[in-house]
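Student: Below you'll find the structure I mean.
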Amino acid sequence: MRYAILLLGGPYSAQAAHSALRFARAVLARGHRLEGVFFYHDGVQNAARLMAPPQDEPHLVDGWVGLNAEQGVPLMVCIAAALRRGLMDEREATRHGKQGHSVEAPFELTGLGQLVDLGLGCDRLVTFGP
Amino acid sequence: MTDVPPYHGDLLVILRHGPHGSSLLREGLDAALVAAAFGRDVSLLFMGEGISALVRDQQVGPLGQKGTAATLQMLEMYDIDRLLVDGEGLAGLGLAPRDLMLPVEVLDSSAMAVQPKVHRLVLTF
């Protein structure tokens, strides 16, 4: 089956991100396809490049990046929700006159149209959120 | 087994949060508007506190948030005209359709249950 994930929960402040990552691993372990993860609402903070949790906690960014590296899962971040929350890649940082950037590949800033296409193009879109 | 009616649309956006407690309602509406702008047939289902978004005469006010009333007024321009409201939730808030800023279809619990089946995709906010 072709799955996709919509993540609305921020990292470390709620269970949503941990559950979404565990669900993603379970989907792939069962031999299903994961068409993509879309980060929206507070979920965009899962793409924060500078995330530095204590070593005895799961590193969520590394977790998402691992999914992409091993299985090519697209990591899509809503650009409007991200910019509001201080999350931007190098290109957007330049455009907004900011020093430094907080999002990098394999996370990609994209629009909500991608969420709709992702949802309509898979068999199951599973939402994790508050 | 009850018969499942034919599809009503591409996308059902379920809105369960009020307009000011979080940005979930606004970001849910944004997803609905974008889908409609891309030509998708969108229905909105207001449940729980989400119903309070429809109450008349909401101001932007001093809260530092844009609120959602202005967005709701734009729905017609995006051809989003199927606004569904959970009847039990509406009554629970002490509200009636005349208290709401837009015409809505009030659903009983059996009509509520069928909504996810008659849309291709459900997004819950």
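Student: If we only count helices (runs of 4 or more DSSP H) wholly inside segment A:41-106, which ones have 2 or more residues that are under 16 Å from A:Ala17 (Cα atoms) and touching a helix residue (DSSP H, G or I) at 6+ places or on another chain (Cβ under 8 Å)?
Tutor: On the way: elements: A:60-71, A:79-84, A:90-95.
Fully inside segment A:41-106 and qualifying: A:60-71.
Student: Testing B:Gly28 on (1) buried (at least 17 other Cβ atoms within 10 Å of the Cβ); (2) at pLDDT below 95, one condition comes back false. Which one is that?
Tutor: Unmet condition: (2).
Student: When segment B:66-125 is examined, which residues are found to be assigned to a strand (DSSP E or B) and over 16 Å from B:Pro19 (Cβ atoms)? First the steps, then the outcome.
Tutor: Here is the first cut: in segment B:66-125, the residues assigned to a strand (DSSP E or B) are B:82-86, B:100, B:105-107, B:119-124.
Answer for segment B:66-125, where residues must be assigned to a strand (DSSP E or B) and over 16 Å from B:Pro19 (Cβ atoms): B:Arg82, B:Leu84, B:Asp86, B:Glu105, B:Val106, B:Leu107, B:His119, B:Arg120, B:Leu121, B:Val122, B:Leu123, B:Thr124.
Student: Would you please name the residue that is nearest to A:Gly66 (Cα to Cα), looking only at residues in segment A:1-20 that are more than 14 Å from every other protein chain (Cβ to nearest Cβ) and surrounded by fewer than 22 Cβ atoms within 10 Å (Cβ to Cβ)?
Tutor: A:His18
Student: Across segment A:97-128, what is the total count of residues that are closer than 25 Å to B:Ser22 by Cβ and either surrounded by 19 or more Cβ atoms within 10 Å (Cβ to Cβ) or more than 9 Å from chain B (Cβ to nearest Cβ) (or both)?
Tutor: So the first thing to find is which residues in segment A:97-128 are closer than 25 Å to B:Ser22 by Cβ, and the list is A:102-103, A:107, A:109-116, A:118-119, A:125-128.
From the residues that got through so far, the ones that are either surrounded by 19 or more Cβ atoms within 10 Å (Cβ to Cβ) or more than 9 Å from chain B (Cβ to nearest Cβ) (or both) too are A:102-103, A:107, A:109-110, A:112, A:114-116, A:118-119, A:125-128.
Of the residues in that region, 15 qualify.
Student: Just one of B:Gly18, B:Gly64, B:Gly94 is touching a helix residue (DSSP H, G or I) at 6+ places or on another chain (Cβ under 6 Å) and free of Cβ contacts under 8 Å to residues at least 40 places away in the same chain; which is it?
Tutor: Working: B:Gly64 fails: touching a helix residue (DSSP H, G or I) at 6+ places or on another chain (Cβ under 6 Å); B:Gly94 fails: touching a helix residue (DSSP H, G or I) at 6+ places or on another chain (Cβ under 6 Å).
Selected residue: B:Gly18, the only one of B:Gly18, B:Gly64, B:Gly94 that is touching a helix residue (DSSP H, G or I) at 6+ places or on another chain (Cβ under 6 Å) and free of Cβ contacts under 8 Å to residues at least 40 places away in the same chain.
The values are calculated or read from the model by the stated rules, or taken from the named source; none is laboratory data. Predicted model, so just to flag it, every value in this text is computed and none were measured. Here the Cβ is made from the backbone with ideal geometry for all residues, glycine too, and neighbour counts use every protein chain on show.
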